[in-house]
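Engineer: Questions regarding the structure given below will be posed in turn.
The values are calculated or read from the model by the stated rules, or taken from the named source; none is laboratory data. Worth saying up front: this structure is predicted, and the values here are computed from it rather than measured. As a convention, Cβ positions derive from the backbone with ideal geometry for all residues, glycine included, and neighbour counts pool all protein chains shown. Only protein heavy atoms, including side chains, enter the accessible area calculation; ligands, DNA and RNA are left aside. Shrake-Rupley method; radii C 1.70, N 1.55, O 1.52, S 1.80 Å.
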Amino acid sequence: VHFSLAELAERVGGRVDGDGSLRIARVMPLEEAGPSDVSFFANRKYAAAFAATRAGAVIVGENEEAPAGRTLLRAANAYLAFARIATLFHPPREPVPEISPRAVISEGAVVDPSAEIQDLAHVGRGATIGARTILFPGVVVGDGARIGDDCVLHPNVVVRERCVVGNRCTLQPGAVLGGDGFGFAFDMEGDGSGPRHVKVPQSGIAELEDDVELGANSTVDRATLGKTIVRRGAKIDNLVQLAHNVDIGPLSLIAAQSGISGSTKVGMGVAMGGQVGMVGHLTIGDGARFGAKAGVHNDVPAGEIYSGYPAGPHRDWLRESAAIRALPALVKRVRELEKALKKLQEEA
Amino acid sequence: VHFSLAELAERVGGRVDGDGSLRIARVMPLEEAGPSDVSFFANRKYAAAFAATRAGAVIVGENEEAPAGRTLLRAANAYLAFARIATLFHPPREPVPEISPRAVISEGAVVDPSAEIQDLAHVGRGATIGARTILFPGVVVGDGARIGDDCVLHPNVVVRERCVVGNRCTLQPGAVLGGDGFGFAFDMEGDGSGPRHVKVPQSGIAELEDDVELGANSTVDRATLGKTIVRRGAKIDNLVQLAHNVDIGPLSLIAAQSGISGSTKVGMGVAMGGQVGMVGHLTIGDGARFGAKAGVHNDVPAGEIYSGYPAGPHRDWLRESAAIRALPALVKRVRELEKALKKLQEEA
Amino acid sequence: VHFSLAELAERVGGRVDGDGSLRIARVMPLEEAGPSDVSFFANRKYAAAFAATRAGAVIVGENEEAPAGRTLLRAANAYLAFARIATLFHPPREPVPEISPRAVISEGAVVDPSAEIQDLAHVGRGATIGARTILFPGVVVGDGARIGDDCVLHPNVVVRERCVVGNRCTLQPGAVLGGDGFGFAFDMEGDGSGPRHVKVPQSGIAELEDDVELGANSTVDRATLGKTIVRRGAKIDNLVQLAHNVDIGPLSLIAAQSGISGSTKVGMGVAMGGQVGMVGHLTIGDGARFGAKAGVHNDVPAGEIYSGYPAGPHRDWLRESAAIRALPALVKRVRELEKALKKLQEEA
């Protein structure tokens, strides 16, 4: 596939600074790009690579400064323009309508004829697989589970019984939807055999609405009762844990290794850095944002930015972190104050 | 299945406040329950839902306050009563004694005739599978591994060679028992080819005793020598890491994404919140408890509650966290003290 | 297999304190070893077990103190000697050159005749599997992926399309190489259907160079463009997340549950404790070391030791942690200073 730079600009609503007739063959990083490649620049940390690149053209923001003579594709949202152009060169894999003879389709399962079920994938009893959905090898779809249209379930994904996946969802390798929630009631007597933990049946389900992505080896537990839900357009990174009855709002973004405890309700468009943790039964307002490693113990209002452990407003955390760094010096100042005061007292 | 409310109360040693003849068809959350459902209330956060529920009956504690006229099932341990009643309505899946022709049973493996080995499960050479145990698709049981009776190994669980699983254990999807421990000896010379890390053979095993649950995508490493062990009735949540030679005491509870480093010995009935980390070679006393995200660098005595990073007694952590929040103000106060003192000194 | 103690000492360049003719049958932990076993002692925490062991011989450092009469194998690097001796008793499993008839080798794949492809493993179109490499059940190697010589891919490992694994690499169960990086551009308009996240194609690859180990259920994302790379001899523990375009230097060690965000470049011989987190686009110098749970927000120079959250030099962190513990007392001291000063002021 080749596109002229002008054509690319038109497709993304951008404009060309330089020669629009330039033929573009690939999208490449600044360091590796050559004269027929388009590259991308947005992070000032890579200014040197931008200056040195041999890329034929570079996608940048509307007002980004650039070295003189550089051919540019300018766009209001440069990252979005980059995403769209990269998609032109790397369109998603088209499904090949076929059920491998080495796949297992159980009794009563309904697989859309346009779906692609690869070798060693397993579809449980009464499960449904939607149009153009791809199941890679090792995928296990449990009994009665429903997978929508245009989904991709990468190798070794597990969707347990009765769980639901909407349309246009992507599950990265090893992701698990619908494992049992972690619920045990302590039984001191244990029917005479001593104390034990009695399992609380996790009879609910887990559901991904449309356009959700679930990262590699992430786990979304099924609900105790009702459902655990990740709503429309939310994106979940790798190794994330969503506990039973969690509710993740539409368009939220949760970075890797974050964990949300049971029944916490996260609003719309919430963004979390990596390794964030939230205790259970919280309510997180729309558009709230969380710094990496934040440990959240309380409800957070809409629009707030929180950081730290225990988490508080980001600005406070910055001030507190700075104050902690100055703390050994502060201890010294207090000691000197005490000495000086004592001297004054003695003199008085 | 239907039960009268009185029958349910009798089964769990509770008592009915209201009409015991009420027929109960389902267990449902407060928000979704209808007149023939029983629901559950224990967390004050959900008082509004309790007040508004249309549930026919609600399971509550012995002395829980409730809106007038509400039909209640009162029990000393409400959560335990709920667990048992939910189990009546949602009994665990019965095994169907059968080995799928699409499963692989290797030479010398012994599978109990009452076990259920589903499609695409793999049982290694000389491995044993106990009575009524269920292996879901994609499960891999390594050579010589032993799985007890009444276990459930969910899809894509891996139990590596020679590892041992007791009776009545549940392994959620993707859990890994017996991966190699992380042990390397640094070799500066590397036989003349430069520095390298030499792998320390991890020739021990990993063992789960009876009644253990292991969460989705959790990893329990095999021991360098001897064994890594999770003892009777301990429950491990998702994405937890137990390193080589760790020893988890009976009835301990470890919440999601916690990690225990090599050779640490955790006592009986220890409880950890999510994302707790422990360094290696520690001894954690019986009944100790850890707040979410605690970072534990030292031995902890029995019965203590620890939080923070580095972790200390929970009460201290609360005081320290409050003091940190007040720290910017404290800095200001010290500055003012210095000014005032200077003025006094000048006057003196 | 049996070795005389003298023979073992010779193989590892050590020397015997005691009877070198002793026949050694096994390597065992101090607590379990008997008269024909060799054990290992290095950590002072286990001095009591060392004193009490019934081991025939114990591997110790050159100058380690030992109870009188104890037979010792002394070596300059005791842990390395132990690793080598344990390898003599527990050599790595030899591959059995065979492709299971229950494995799937796709069109155009090239499998070296000396490789061992076990049941239910899947090799994609045009993929290559090197000499003596072992694929366990449930392994999925994507289309066009390349796996080198002498590798072990444990059960349910996934290597996605076009990714590359060098020679002598070990991938523990459930590890995922080449899942999509977490990249989305926010599109406020969404073609008229409202806001949405547009996926940025992750068209690069992930590569492990030679001698890399990847832990159970760890995830290494493929690059947006170019490649994510783990360089020669680096060792990655379980449940670690390496994001797109991360570059891990040779011989680095990353302990369990650590996470490195996108495009961060980690130098040679860097060591991280468990649950470390790093934000994206950082540069970490050679030989830097990180305490468990460090949260790293800035570049770190070569050779530094960092701890804390936000991470700083380890020594500062120790001082700050101590100061925090003394903070409630400091607050009290400041209050008393204020009182005393006020009194002085009133007197003046």
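Engineer: As a check on your grasp of the helix formula, calculate [θ] at 222 nm for the protein assembly as shown: sum -39500 (n - 2.57) over DSSP H runs of n ≥ 4, divide by the residue count, round to the nearest 500.
Structural biologist: -5000 deg cm²/dmol
Engineer: I need the shape label for the range C:230-279. Rule: rounded when a/c is under 1.5, else prolate if a/b > b/c, else oblate, with a, b, c from the alpha carbon gyration tensor.
Structural biologist: Since a/c reaches 1.5 but b/c is at least a/b, the shape of the range C:230-279 is classed as oblate.
Engineer: Using a label point 7 angstrom from Cα along Cα-to-C-beta, what distances in nm, from shortest up, separate C:Pro195 from the other copies?
Structural biologist: Distances between equivalent label points, in nm: 4.8, 4.8.
Engineer: So what are the radius of gyration and Dmax for the Cα set of the range B:29-137, in Å?
Structural biologist: Rg, Dmax (Cα atoms, Å): 22.0, 66.
Engineer: Another question, then. Does any residue of the range C:260-283 lose at least 40 Å² of accessible area with all protein chains in place compared with its chain alone, and if so which ones (probe 1.4 Å)?
Structural biologist: Residues shielded by partner chains are C:Gln275, C:His281.
Engineer: Name the long-range amide H neighbours of C:Arg132: under 5 Å, sequence gap of 5 or more, or other chain; modelled H, no Pro or chain starts.
Structural biologist: C:Ser114, C:Ala115, C:Asp150
Engineer: Right, here's the next one. Between exposed trypsin sites (Lys or Arg not before Pro) in chain A, where DSSP calls loop and at most 14 other Cβ atoms lie within 10 Å, what's the longest gap?
Structural biologist: A:126-348
Engineer: With contacts defined as alpha carbon pairs under 8 Å and 6 or more residues apart, what's the relative contact order of the range C:1-146 in percent?
Structural biologist: 16
Engineer: To the nearest µm²/s, what D does Stokes-Einstein give for the range C:57-116 at 25 °C and 0.890 mPa s, using the Kirkwood radius over alpha carbon pairs as Rh?
Structural biologist: 159
Engineer: Anything in chain C that counts as a DSSP H helix reaching 20 Å or more along its axis (C-alpha) with Kyte-Doolittle mean of at least -1.0? List them, would you?
Structural biologist: Passing helices, by number: C:327-347.
Engineer: Let me ask something else. Once the dipole of the range C:131-252 is set up with Lys and Arg at +1 and Asp and Glu at -1 on Cβ about the Cα centre, which of C:Thr224, C:Ala234, C:Gly204 lies farthest towards its positive end?
Structural biologist: C:Ala234
Engineer: Note down the magnitude of the dipole of the range C:135-268 about its Cα centre, charges +1 on Lys and Arg C-beta and -1 on Asp and Glu C-beta and zero elsewhere, to the nearest 20 debye.
Structural biologist: On the way: 12 positive and 16 negative charges, 25 e Å.
It works out to roughly 120 debye.
Engineer: Of all accessible surface on the range A:47-86 at a 1.4 Å probe, what whole percent is carbon and sulfur?
Structural biologist: 49
Engineer: Also, quick follow-up: For B:Ala55, what is the net charge nearby, where nearby means another residue's Cβ is under 14 Å from its Cβ and Lys, Arg count +1, Asp, Glu -1?
Structural biologist: -1
Engineer: Follow-up. Computed FRET efficiency, Cβ-Cβ of C:Leu318 and A:Met188, R0 45 Å: what is it to the nearest 0.05?
Structural biologist: 0.60
Engineer: Right, here's the next one. Of the heavy-atom accessible surface of the range A:187-286 (probe 1.4 angstrom), what whole percent is carbon and sulfur?
Structural biologist: Accessible surface attributable to carbon and sulfur in the range A:187-286 totals 54 percent.
Engineer: Using a 1.4 angstrom probe, figure out how much accessible area the protein assembly as shown has per residue, in square angstrom, rounded to the nearest whole. If you can, show how the numbers build up before the last one.
Structural biologist: Numbers: 40380 Å² over 1044 residues.
Value returned for the protein assembly as shown: 39 Å² of accessible area per residue.
Engineer: In addition: In debye, nearest 20, what is the charge dipole magnitude of chain C about its Cα centre with +1 on Lys and Arg Cβ and -1 on Asp and Glu Cβ, if you could check? Walk me through the intermediate numbers first.
Structural biologist: On the way: 37 positive and 41 negative charges, 213 e Å.
It comes to approximately 1020 debye.
Engineer: Another question, then. Rounded, prolate or oblate: which fits the protein assembly as shown when a ≥ b ≥ c are the square roots of the eigenvalues of the alpha-carbon gyration tensor, with rounded for a/c under 1.5 and prolate only if a/b beats b/c?
Structural biologist: Details: a/c = 1.10, a/b = 1.10, b/c = 1.00.
It comes out rounded by the Cα gyration axes.
Engineer: Of A:Thr283, C:Thr128, C:Thr133, B:Thr170, which has the most accessible area with a 1.4 Å probe, and how do the rest follow in descending order?
Structural biologist: On the way: A:Thr283 75, C:Thr128 45, C:Thr133 0, B:Thr170 25 Å².
Ranked list, largest accessible area first: A:Thr283, C:Thr128, B:Thr170, C:Thr133.
Engineer: Right, something else. Where in the range A:70-117 does accessible area fall by at least 40 Å² between the isolated chain and the complete protein assembly, at a 1.4 Å probe radius?
Structural biologist: A:Tyr79, A:Leu80, A:Phe82, A:Ala83, A:Arg84, A:His90, A:Val104
Engineer: Using a probe radius of 1.4 Å on protein heavy atoms only, what is the accessible area buried between chains B and A, both sides summed, to the nearest 100 Å²? All intermediate terms of the calculation are to be shown ahead of the outcome.
Structural biologist: Working: alone 18490 and 18470 Å², together 31840 Å².
Chains B and A together bury approximately 5100 Å².
Engineer: Per residue of A:132-142, how many C-beta atoms from partner chains lie within 10 Å of its own C-beta, taken as a mean?
Structural biologist: 5
Engineer: Okay, next question. Would you work out the charge dipole size for the protein assembly as shown about its Cα centre, treating the Cβ of every Lys and Arg as +1 and the Cβ of every Asp and Glu as -1, and quote it to the nearest 20 debye?
Structural biologist: I would put it at about 2640 debye.
Engineer: Determine which lysines satisfy two conditions relative to A:Lys199: a Cα distance under 22 Å, and not lying fewer than 8 residues away in the same chain.
Structural biologist: Counting by Cα, and skipping residues close in sequence, A:Lys199 has these lysines nearby: A:Lys227, B:Lys235.
Engineer: Still on this structure: Calculated FRET efficiency, B:Arg125 and C:Asn43, Cβ-Cβ r, R0 45 Å, to nearest 0.05?
Structural biologist: Computed FRET efficiency for B:Arg125 and C:Asn43 comes out at 0.80.
Engineer: Still on this structure, I have one more. Filter the GluC sites (Glu not before Pro) in the range C:250-348 to those in DSSP coil with at most 12 other Cβ atoms within 10 Å of their Cβ, and list the result.
Structural biologist: none
Engineer: Going by a 1.4 Å probe on protein heavy atoms, which residues of the range C:225-241 end up with at least 20 Å² less accessible surface in the whole assembly than in their chain alone?
Structural biologist: The answer is C:Leu225, C:Gly226, C:Lys235, C:Asp237, C:Asn238, C:Leu239, C:Gln241 - residues whose exposure falls by at least 20 Å² when every protein chain is included.
Engineer: Moving on to the next point. Give me the net charge for the shell around C:Gly269: Cβ to Cβ below 12 angstrom, other residues only, Lys and Arg +1, Asp and Glu -1.
Structural biologist: Values: positive: B:Arg196, C:Arg231, C:Arg232, C:Lys235, C:Arg289; negative: C:Asp286.
Around C:Gly269, the charge tally is +4.
Engineer: Once Lys and Arg get +1 and Asp and Glu get -1 on their Cβ, which of A:Asn63, A:Leu327, B:Met278 lies farthest toward the positive end of the dipole of the protein assembly as shown?
Structural biologist: A:Leu327
Engineer: Report the relative contact order of chain A, percent, no decimals, based on alpha-carbon pairs under 8 angstrom and at least 6 residues apart. List each step's numbers first, then the result.
Structural biologist: Values: 977 pairs, mean separation 21.7, N = 348.
It rounds to 6 percent for chain A.
Engineer: If you count, for every residue in C:33-43, the Cβ atoms of partner chains within 10 Å of its Cβ, what is the mean? Don't skip to the answer; put the middle values down first.
Structural biologist: Working: counts 1, 0, 0, 0, 1, 0, 1, 3, 0, 0, 3.
Per residue, the number of nearby Cβ atoms from other chains is 1 on average.
Engineer: Out of the range B:42-138, which GluC sites (Glu not before Pro) are coil in DSSP terms and have no more than 16 other C-beta atoms within 10 Å?
Structural biologist: Listed in order of number, the matching sites are B:Glu62, B:Glu64, B:Glu65, B:Glu107.
Engineer: Related question: What is the sum of charges, Lys and Arg at +1 and Asp and Glu at -1, for the other residues whose Cβ falls under 9 Å from the Cβ of A:Val164? Mind showing how you got there, number by number?
Structural biologist: Values: positive: A:Arg146, A:Arg162, A:Lys227; negative: A:Glu207, A:Glu209.
Residues close to A:Val164 contribute a combined charge of +1.
Engineer: What GluC sites (Glu not before Pro) does the range C:179-277 have in DSSP loop regions with at most 12 other beta carbons within 10 Å?
Structural biologist: When the GluC sites (Glu not before Pro) of the range C:179-277 are filtered for loop state and at most 12 Cβ neighbours within 10 Å, C:Glu189 remain.
Engineer: On to the next question. For the range C:225-336, what does the convex hull of the Cα positions come to per residue, in cubic angstrom?
Structural biologist: Roughly 90 Å³ of hull volume per residue.
Engineer: Taking A:Arg15 in one copy and the same position in all the others, each labelled 7 Å out along Cα→Cβ, what are the pairwise distances from the first, in nm, shortest first?
Structural biologist: 8.2, 8.2
Engineer: Now for a different question. Assign one of three labels to chain C, namely rounded, prolate or oblate, based on the Cα gyration tensor with a ≥ b ≥ c the square roots of its eigenvalues; rounded applies when a/c is under 1.5, prolate when it is not and a/b is larger than b/c, and oblate otherwise.
Structural biologist: oblate
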